[in-house]
Amino acid sequence: MKEYLFKNARIIDPARNIDELGSIGVSEGKIVAPESLETPEIIDVGGKVLCPGFIDIHVHLRQPGNTTAETIASGSKAAAAGGFTSIVAMPNTNPAADTAGAIELLRRTAEKEAVVKVLPCGNMSKGGKGEEMAGIGSLKAAGVVAVSDDGKCIQDHALMRHVVEYAKSFDLPILDHCEEVTLAAGGVMNEGKWSVLLGMNGIAGASEELIIARNILFARQINWKIHMQHVSTAESVEMIRRARAAGIPVTGEATPHHLTLTDECVKTFDTNYKMNPPLRSESDRQALIRGVADGTITVIATDHAPHTATAKLVEFDHAPFGIIGLETAFAVCHTELVVSGVITLSQLIAKLTTGPAEVLGMKNYSLACGNPADFTILDTDLEYVINKNNFKSKSRNTPFDGRKVKGAVTMTVVDGRIVFRNGEII
Amino acid sequence: MNSYAQLYDAEQTKQGVRLLAEQIGRHFSVSGNGFALVGIHQMGVPLAQMLCEELSACGKTPDFGQLDITMYRDDIGTRNMLPRIHETIIPFDVNDREIILVDDVLSSGRTIRAALDALTDYGRPGLIRLAVLVDRGEPEFPIRADFTAFKVSLPPERKVVVKFEADEISPAGIFDVNWHKNN
Amino acid sequence: MIQWKRKDLLGLYDLSAEEIIFILDTAAEFKKVSERRVKKVPALRGMTVVNFFVEPSTRTRVSFELAEQRLSADIVNMQAQASSLLKGETLLDTVKNIEALQVDLVVMRHSAPGAQNFIADRLKCGVVNAGDGAHEHPTQALLDLFTIREKLGGFKGLNVSIIGDILHSRVARSNIWGLLKLGANVTVAGPSTLVPREFEELGVRVCHNLKDAVKDADVVNMLRIQHERQNSGFFPSIGEYSSWFGIKSATLQDMKPEALIMHPGPINRDVELAGEVADGENSVILEQVTNGLAVRMAVLFLVAGCRK
């Protein structure tokens with residue numbers, strides 16, 4: 001395998017609290033001391049940022065089931081273009097990833113076709129239906145890194161309690177989509193001023209908050225890790241803040257869209273503003289940003305949810321929930337959170353690296369010698385306009401097309417292989 | 001009206017109105033049901049009003065009505081904007097009446113075509129005649145004025161504008177204006 | 001002087017006060033057309049209007065059809081179920097196909113809020129919203145405004161109370177925008193489950209007590225209560241709804257003697273409105289229907305007339 005020397009880089013490595021100019025050596029797919037290299041190809045990073053590869057713990061790859069919208073191959077390319085070296089594939093495919101066989105198929109396909117690491121996640125309940133527990137033990141044996149019923153939420157609290165207890169015995173974290181269904185029934189957007197104004201059915205914030213409260217109770221009682229996916233309301237942030245302060249093992253993630261957009265956007269009737277949980281009010285958005293800033297929210301994840309143009313080009317009520325996010329996440333978050341001064345660049349990188357790594361129980365996710373050479377190079381000065389037609393994803397359902405941003409991913413390296421460089425998949 | 005030439009001044013315009021009233025008065029009597037003047041919006045309405053006053057002074061007071069023809073235009077959907085619809089008031093029964101349509105300028109004849117359609121939707125007049133202050137002489141439809149004060153011959157891209165009152169742009173009178181057909 | 005420049009009428013939220021007044025003025029002239037023996041003008045002669053109703057409707061469709069006939073337009077009626085559209089051809093494909101037949105205007109009703117906005121952005125022909133979910137019903141609000149102006153002369157300082165299922169009502173929302181723009185004070189009233197506090201953020205007074213809502217009202221606009229709301233748990237029973245929020249003869253004692261009673265129809269007699277009140281001196285309900293025709297003629301004329 002090729003050896004590389006990435007020199008003249010601003011190395012930001014949150015796990016080791018490093019932000020300094022230096023060089024990184026790569027040999028046999030691992031990070032090595034630069035002086036140990038014999039005849040490396042030298043890449044001058046030109047003072048740009050080199051950081052650990054991003055991890056997105058919330059991605060929908062749509063394979064099997066809806067390969068018109070996305071495939072493992074195309075989704076992984078989109079990930080590489082977004083600086084992600086590892087992505088966690090949600091199990092709500094068709095058929096659902098609720099058996100060892102389904103996980104095995106995902107792993108084999110990813111091995112052949114994916115350009116980044118695809119980490120499987122299995123269902124908590126059979127078919128994600130929330131009725132019976134899935135074979136969590138055999139899923140573990142097949143290699144899942146977590147369990148989740150994402151897209152749906154187990155309403156049967158006794159079942160959920162058993163799932164948490166059982167998953168703990170297999171050392172699998174729970175990634176939960178927090179939604180109480182009766183308070184969300186028929187809803188298409190946030191319940192509030194704008195749903196009232198537009199005459200649309202609302203999804204109450206309490207729908208999310210009830211389940212977050214439940215999960216906090218279980219996490220404390222069972223003493224096991226529950227990660228709250230796509231947290232969207234001020235009250236949810238506050239509950240997680242208090243739980244973490246009390247030492248309860250819960251974590252929370254925020255998506256770039258919940259951090260930057262609000263329910264007012266729905267007035268355009270553009271279905272790229274329809275996702276679940278819905279875009280919330282400006283005060284919720286501000287609370288979410290505060291949660292990111294004060295460390296309550298440790299993970300930024302995209303909830304990359306590809307849908308074809310045909311599926312989305314319909315009445316708002318009838319459109320599917322979800323937007324893609326892998327290729328816009330860093331630029332949007334860098335512009336809205338770092339350039340605007342809410343958090344430092346190092347903090348943003350932590351939310352995209354060590355934060356998700358910690359949820360998955362990955363130790364020492366850093367650029368330390370001996371670790372896999374998974375890293376990302378960022379040009380934090382580049383200003384441009386997002387153009388969805390340049391996406392590697394098969395889908396185009398983004399609300400960020402045409403948005404002016406500052407900050408770009410210029411290179412992505414996975415196991416010492418350059419997989420993305422200057423806009424192209426290698 | 002950035003480029004215009006005065007064809008007739010205020011006094012000549014007034015004389016034209018009197019001339020028109022005299023012609024009408026010679027042909028119509030107030031015996032029986034009497035005749036009626038119906039002005040076409042916009043400038044036909046004040047003109048018909050003035051004609052009524054002139055005729056009243058001679059002891060012939062006709063009925064007076066006003067007609068908006070916007071709903072009867074043949075260019076709806078082809079213009080950038082529609083003109084505002086003005087009030088149509090026909091305060092008398094038009095059946096079997098002798099009616100004189102009044103407009104300021106006879107140009108293409110399309111307005112008069114529309115006015116005939118509009119008026120006949122109110123009933124079945126016994127006779128309809130047309131009085132205009134200015135006849136441009138080259139109508140696009142086979143429509144002629146029965147009473148007219150001035151005959152003016154101008155190229156089609158020019159517009160004839162009648163003003164009975166002075167405003168901030170020009171004095172009262174009849175003008176030849178450079179006209180863009182798209183407004 | 002204002003002139004009409006819109007190819008579509010989607011809602012009153014987007015219109016200026018001047019545009020609303022312009023429509024009402026235009027409607028006043030069209031009202032006279034229907035009072036003549038010849039109730040027809042050639043304004044839309046040669047134009048084709050498609051009435052595309054993706055939600056059942058009788059009154060509104062008949063009113064639009066009659067308006068179109070009186071404007072001399074050619075008419076095609078299409079009905080579809082939102083559910084069948086979901087399974088087969090998309091809504092956009094359906095209307096694109098309609099447009100390909102060289103149609104000039106599409107009058108559309110749909111159960112999804114914003115469906116008409118979505119369509120209008122993507123069609124060259126004009127779109128008139130005949131009701132989109134709980135979002136807007138602009139021609140209904142315009143006919144309500146027309147009736148109020150005809151009866152009371154204007155809107156400035158007028159107290160208008162809209163009573164009923166405000167949450168699910170497109171009529172209420174369109175009325176709120178129109179009335180607020182024209183300077184009226186608006187109160188919305190009904191059970192708290194159907195009149196959430198969020199309405200205050202739209203600039204109206206929210207009230208959960210009938211007596212309080214009608215006390216100072218110059219106009220009381222009663223909305224139809226849908227029986228299925230009872231099953232969804234918004235209120236316990238039609239009987240309880242009626243006893244707390246229905247207008248009865250006795251309610252008139254608490255009102256200004258000359259207050260107008262309006263209703264967009266069809267009325268649930270003796271539920272939201274006692275029969276004798278619906279038929280009483282204060283009621284202008286049938287005049288609303290008459291005015292609806294004039295308002296729809298005006299709207300069709302204006303949107304058809306300004307196309308490039």
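Miscellaneous remarks
- Boolean, B:THR148 is crowded, with 19+ Cβ neighbours inside 10 Å, touching a Leu at 6+ places or on another chain (Cβ under 9 Å) and among the polar types (S, T, N, Q): yes
- Unique match (being among the aliphatic types (A, V, I, L, M), outside the structural domain of C:ILE23 (by TED's automatic domain parsing) and within 25 Å of C:LYS39 (Cβ to Cβ)) among C:MET262, C:MET297: C:MET262
To keep it simple, each residue is scored yes or no on (1) hydroxyl-bearing (Ser, Thr, Tyr); (2) over 11 Å from C:ASN221 (Cβ atoms); (3) within 13 Å of chain A (Cβ to nearest Cβ).
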residue: C:HIS137; (1), (2), (3): no, yes, yes
residue: C:LYS156; (1), (2), (3): no, yes, no
residue: C:LEU179; (1), (2), (3): no, no, no
residue: C:ASN185; (1), (2), (3): no, yes, no
residue: C:ARG197; (1), (2), (3): no, yes, yes
residue: C:GLU200; (1), (2), (3): no, yes, yes
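- Sole residue being buried (at least 17 other Cβ atoms within 10 Å of the Cβ) and part of a loop (DSSP other than H, G, I, E, B), chosen from C:VAL220, C:VAL195, C:VAL188: C:VAL195
- Neighbours by Cβ (under 9 Å, 6+ apart or cross-chain): first from segment A:158-175, in contact (Cβ under 8 Å) with a residue 12 or more places away in the chain and at positive phi; second part of a helix (DSSP H, G or I) and buried (at least 17 other Cβ atoms within 10 Å of the Cβ): A:ASP171/A:LYS140
- Each residue in segment A:42-84 was checked for being more than 20 Å from A:VAL359 (Cβ to Cβ) and among the acidic types (Asp, Glu), and 2 pass.
- Here is the figure for segment C:103-135: residues that are aliphatic (A, V, I, L, M) and either within 9 Å of chain A (Cβ to nearest Cβ) or not in a strand (DSSP E or B) (or both) total 7.
- Inter-residue pairs, beta-carbon under 8 Å, first over 18 Å from A:ALA301 (Cβ atoms) and assigned by TED's automatic domain parsing to the domain that holds A:ASP149 and in segment A:224-251, second β-branched (Val, Ile, Thr) and assigned to a helix (DSSP H, G or I), 6+ apart: A:TRP224/A:VAL164; A:MET239/A:ILE212; A:MET239/A:ILE216; A:ALA243/A:ILE216; A:ILE248/A:ILE216
- Residue list for segment C:24-63, restricted to those being more than 14 Å from chain B (Cβ to nearest Cβ) and either within 16 Å of B:ILE89 (Cα to Cα) or not in a helix (DSSP H, G or I) (or both): C:VAL50, C:ASN51, C:PHE52, C:PHE53, C:VAL54, C:GLU55, C:PRO56, C:SER57, C:THR58
- Flag for A:ARG214 being of a type in the set (Lys, Arg), surrounded by fewer than 23 Cβ atoms within 10 Å (Cβ to Cβ) and free of Cβ contacts under 8 Å to residues at least 60 places away in the same chain: yes
- Scanning segment A:209-243 for residues that are assigned to a helix (DSSP H, G or I), over 17 Å from A:ILE289 (Cβ atoms) and of a type in the set (D, E, K, R) turns up A:GLU209, A:ARG214, A:ARG220, A:ARG242.
- Pick from segment C:204-217, criterion free of Cβ contacts under 8 Å to residues at least 24 places away in the same chain and part of a loop (DSSP other than H, G, I, E, B), ranking: farthest from the other protein chains (Cβ to nearest Cβ): C:ASN209
- Residues that are out of contact with any helix residue (DSSP H, G or I) (no Cβ under 9 Å at 6 or more places or on another chain), farther than 19 Å from A:SER148 by Cα and either crowded, with 23+ Cβ neighbours inside 10 Å or touching a residue at least 60 places away in the same chain (Cβ under 8 Å) (or both) within segment A:75-108 comprise A:GLY75, A:LYS77, A:ALA78, A:ALA79, A:ALA80, listed in sequence order.
- When we screen C:GLN81, C:GLN69 for residues that are more than 17 Å from C:LEU300 (Cβ to Cβ), out of contact with any helix residue (DSSP H, G or I) (no Cβ under 9 Å at 6 or more places or on another chain) and in the same structural domain as C:VAL127 (by TED's automatic domain parsing), the only hit is C:GLN81.
- In segment B:1-23, the residues that are among the acidic types (Asp, Glu) reach residues that are outside any helix (DSSP H, G or I) with C-beta atoms within less than 7 angstrom, at least six apart or across chains, in these pairs: B:ASP9/B:GLY173.
- Segment A:129-148, residues that are part of a loop (DSSP other than H, G, I, E, B) and within 17 Å of A:GLY361 (Cα to Cα): A:GLY143, A:VAL144, A:VAL145
- Residue satisfying all of: in segment C:64-83; assigned to a loop (DSSP other than H, G, I, E, B) and within 14 Å of chain B (Cβ to nearest Cβ); nearest to C:THR94 (Cα to Cα) among these: C:ALA73
- Among the candidates A:THR344, A:THR398, A:THR354, A:THR376, residue that is without any contact (Cβ under 8 Å) to a residue 12 or more places away in the chain and either surrounded by fewer than 16 Cβ atoms within 10 Å (Cβ to Cβ) or of a type in the set (S, T, N, Q) (or both): A:THR344
- Residues of segment C:282-308 that are small (Gly, Ala, Ser), under 21 Å from C:ARG149 (Cα atoms) and in contact (Cβ under 8 Å) with a residue 24 or more places away in the chain: C:GLY292, C:ALA294, C:ALA298.
- Restricting C:VAL277, C:VAL303 to residues that are in contact with a helix residue (DSSP H, G or I) (Cβ under 8 Å, 6 or more places away or on another chain) and hydrophobic (A, V, I, L, M, F, W, C) narrows the list to C:VAL277.
- Residues in segment C:150-181 that are of a type in the set (D, E, K, R) and under 15 Å from the mean Cα position of the chain (by Cα): C:ASP165, C:ARG170, C:ARG173.
- The residues on offer are B:THR111, B:THR88, B:THR61, B:THR70, and the sole one that is in contact with a Cys (Cβ under 9 Å, 6 or more places away or on another chain) and of a type outside the set (Phe, Trp, Tyr) is B:THR61.
- Here B:SER3, B:SER108 are screened, and the one residue that is among the hydroxyl-bearing types (Ser, Thr, Tyr) and either over 28 Å from C:THR26 (Cβ atoms) or buried (at least 18 other Cβ atoms within 10 Å of the Cβ) (or both) is B:SER3.
Conditions tested, residue by residue: (1) away from every other protein chain (no Cβ under 11 Å); (2) at pLDDT 95 or above; (3) closer than 18 Å to C:ALA43 by Cβ.
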| site | (1), (2), (3) |
| --- | --- |
| B:GLN15 | yes, yes, no |
| B:GLU53 | yes, no, no |
| B:SER56 | yes, no, no |
| B:LYS60 | yes, no, no |
| B:GLN66 | yes, yes, no |
| B:TYR72 | no, no, yes |
| B:GLU87 | no, no, yes |
| B:LEU101 | yes, yes, no |
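- Selection count, segment A:293-313, where residues are more than 19 Å from the chain's Cα centre (by Cα) and either more than 14 Å from every other protein chain (Cβ to nearest Cβ) or buried (at least 24 other Cβ atoms within 10 Å of the Cβ) (or both): 1
- Among residues of segment B:105-128 that are within 11 Å of chain C (Cβ to nearest Cβ), those with a beta-carbon under 8 Å from a residue that is modelled with pLDDT under 95 and in a helix (DSSP H, G or I) at least six positions away or on a different chain give the pairs B:ALA114/B:TYR72; B:ASP117/B:TYR72; B:ALA118/B:MET71; B:ALA118/B:TYR72.
The values are calculated or read from the model by the stated rules, or taken from the named source; none is laboratory data. The shown structure was predicted, so the numbers you read here are calculated from the model rather than taken from an experiment. Please note: Cβ atoms are built from the backbone with ideal geometry, for glycine as well, and neighbour counts cover all protein chains shown.
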